[in-house]
Amino acid sequence: MGSTPNGIKIVGLAPELNHSFYGRDIISVGQFSRPDLTYIMGVADEMRSVVRRVGATDLLKGHILANLFYEPSTRTSSSFIAAMERLGGSVIPIHGVQYSSVSKGESLPDTIRTLECYADVIVLRHPEVGASEVAARYATKPIISAGDGVGEHPTQGLLDLYTIYHELGTLDGLHVAMVGDLKHGRTVHSLARLLRLYDARLTFVSPEILRLPEDVKRELAAAGRIVTETDKVEDVIAAADVIYVTRVQKERFADLDEYEAVKDYYVITPKIMARAKEHMVLMHPLPRVGEIHADVDNDPRAAYFRQMENGMYIRMALLAAVLGKA
Ligand code: NCD
């Protein structure tokens, strides 16, 4: 157990001890059970209260995180840095891989083997699906995926789940609608997969060419979830407890004309929100590029800024857990 800079002992960081995360990679949300998720969300709650009370703790003092990003990031990279530093650890930030030996042609396995000589845990964002799994095969230290191409974004999925729980007080019996680029949106893939563990009804709203991948749909069906697809937000706006909006991911399109055809498909406005439930939550992993109008930001149901704050608490919880300190 650590103590805060003011000498306050941090005790009972989690509702109960759970050693199953120690030394583990975080690659896909498929690896979590419901008790795992309850545990991590409980630790995140504790992290929130530590940060609110005293700002930081020395729980991970002497530990080093390598933050390796091969794709752009604002929230994920900075929240991992903030998470590690608020736990008293330090960070090797590699954000412009063009300035690292990657630009000399170094392979991912070699870069990983290098960083694990210096760091205790490696966070990796990479444009290729499966890259974090490859990294984990070579690493002896825990690898935490910060998103691999159009595959998964497990820590975002966790923070999204945590946000729903925090905002609505439950994860069961909810009608969750996901809107936008469901084909390329890795955050959607991770959150949808997590929701298979809960009694959720899911509606996927997208243009035809941006539908949710079949394998994710199959997983949900196998878990007995009711899944509906539509291309109209109007079909679900009045019934949804959660509306999770995503950006159309321009960088994933081979044909930019296709992108142009769908880029402004959805814009959530105050007029649309007027038809939503009074007690519901509007989410977005961010960055947004127009799919939620700025006039919606002051709506109390708009949770996207609270959602990104939650990311830091979830990442604090995960770092502490994989380093055996939660
Ligand atoms: C997302 C990502 O990188 O997948 N952003 C994030 O991590 N919060 C969503 C996106 O880029 O649209």
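Going out from 0 in 5 Å bins, what whole percent of all Cα-Cα distances in region 199-278 drops into each bin?
3, 13, 22, 21, 19, 14, 8, 1, 0
Could you give me the radius of gyration and the Dmax of region 54-119, taking only the C-alpha atoms into account and expressing both in angstrom?
That works out to 13.1, 44 Å for Rg and Dmax.
Taking 25 Å as R0, compute the FRET efficiency from the Cβ-Cβ separation of His279 and Thr230 and round it to 0.05.
So, using R0 = 25 Å, E works out to roughly 0.65.
Mind checking the per residue accessible area of region 154-308 for me, 1.4 Å probe, whole number of Å²?
Using a 1.4 Å probe on heavy atoms only, each residue of region 154-308 averages 42 Å².
Residue by residue through region 236-244, which ³J(HN,Hα) values in whole Hz follow from phi under the Karplus form 6.51 cos²θ - 1.76 cosθ + 1.60 (θ = phi - 60°), with glycine and proline marked x?
Whole-Hz 3J(HN,Hα) from phi for region 236-244: 10, 4, 7, 9, 6, 8, 9, 10, 10.
From the residues His189, Ala326, Val245, which one has its Cα farthest along the dipole of the chain in the positive direction, the dipole being from +1 and -1 charges on Cβ of Lys/Arg and Asp/Glu about the Cα centre?
Farthest towards the positive pole: Ala326.
Ignoring ligands, DNA and RNA, please state the percent of accessible area on region 154-308 from carbon and sulfur, probe 1.4 Å.
50
Among Asp241, Asp25, Asp172, determine the one that fluctuates most according to a GNM of the chain built with springs between C-alpha atoms less than 10 Å apart.
Per the Cα network of the chain with a 10 Å cutoff, Asp172 tops the list.
By accessible area of protein heavy atoms, probe 1.4 Å, what ranking do Ile209, Ile122 get, highest first?
Largest accessible area first, the residues go Ile209, Ile122.
Could you tally the net charge around Asp25, taking each other residue with its Cβ under 11 Å from the Cβ of Asp25, Lys/Arg +1 and Asp/Glu -1?
Summing Lys/Arg as +1 and Asp/Glu as -1 gives +2.
Determine the calculated [θ] at 222 nm for the chain from helices alone, applying -39500 (n - 2.57) to every DSSP H run no shorter than 4 residues and normalising by the residue count; nearest 500 deg cm²/dmol.
Mean residue ellipticity, 222 nm, calculated: -11000 deg cm²/dmol.
Would you rank Thr170, Thr76 by solvent-accessible area, highest first, keeping every protein chain in place and using a 1.4 Å probe?
Result, largest first: Thr170, Thr76.
Taking a cut-off of 20 Å between Cα atoms, list the lysines near Lys183, but don't count ones fewer than 8 places away on the same chain.
Reachable lysines: Lys217, Lys232, Lys250, Lys263.
Considering the chain as a Gaussian network with a 10 Å cut-off on Cα pairs, which listed residue, Ala83, Ala135, Ala261, attains the greatest mean-square fluctuation?
Highest fluctuation among the options: Ala261.
With the Cα gyration tensor of region 154-308 in hand, convert its eigenvalues to equivalent ellipsoid semi-axes via √(5λ) and list them largest first in whole Å.
Computed over region 154-308, the values are 21, 20, 14 Å.
If the chain between Asn298 and Ser103 were fully stretched, how many nm would it gain, using 0.36 nm times the residue separation less the Cα-Cα distance?
In short, 65.9 nm is gained.
Could you give the dipole magnitude of region 154-308 about its Cα centre, charging the beta-carbon of Lys and Arg +1 and that of Asp and Glu -1, in debye to the nearest 20?
So the magnitude is around 360 debye.
Select from Asn310, Asn298, Asn67 the residue whose mean-square fluctuation is largest in a Gaussian network model of the chain (Cα-Cα springs shorter than 10 Å).
Per the Cα network of the chain with a 10 Å cutoff, Asn298 tops the list.
Would you list Arg306, Arg301 from the most to the least accessible area, probe 1.4 Å?
Arg306, Arg301
Helix check for the chain. Which DSSP H runs span at least 18 Å along their own axis by Cα, with a mean Kyte-Doolittle hydropathy no less than -1.0?
Going by DSSP H runs, the hits are 34-54, 154-168, 304-322.
Over the chain, what is the relative contact order in whole percent, taking alpha-carbon pairs under 8 Å and six or more residues apart?
Relative CO of the chain lands at 20 percent.
Compare the peptides 174-187, 53-66 by average per-residue count of other Cβ atoms within 10 angstrom and give them in order, highest first.
Averaged packing, sorted descending, gives the order 174-187, 53-66.
Which value in Å is the Kirkwood Rh of the chain over different Cα pairs?
20.2
Out of the DSSP beta bridges found with both residues in the chain, what percent are antiparallel (nearest 5)?
Counting DSSP beta bridges with both partners in the chain, the antiparallel share is about 5 percent.
Return the FRET efficiency for the residue pair Ser33, Arg211: r is the Cβ-Cβ distance, R0 is 25 Å, and the value is rounded to the nearest 0.05.
FRET efficiency, Ser33 to Arg211: 0.30.
The values are calculated or read from the model by the stated rules, or taken from the named source; none is laboratory data. Bear in mind that the values here come from a model prediction, so they are computed numbers and not experimental data. Cβ: placed from backbone, ideal geometry, glycine included. Neighbour counts: every protein chain shown. Please note that ligands, DNA and RNA were not included when accessible areas were found on the heavy atoms of the full protein model with its side chains. Shrake-Rupley method; radii C 1.70, N 1.55, O 1.52, S 1.80 Å.
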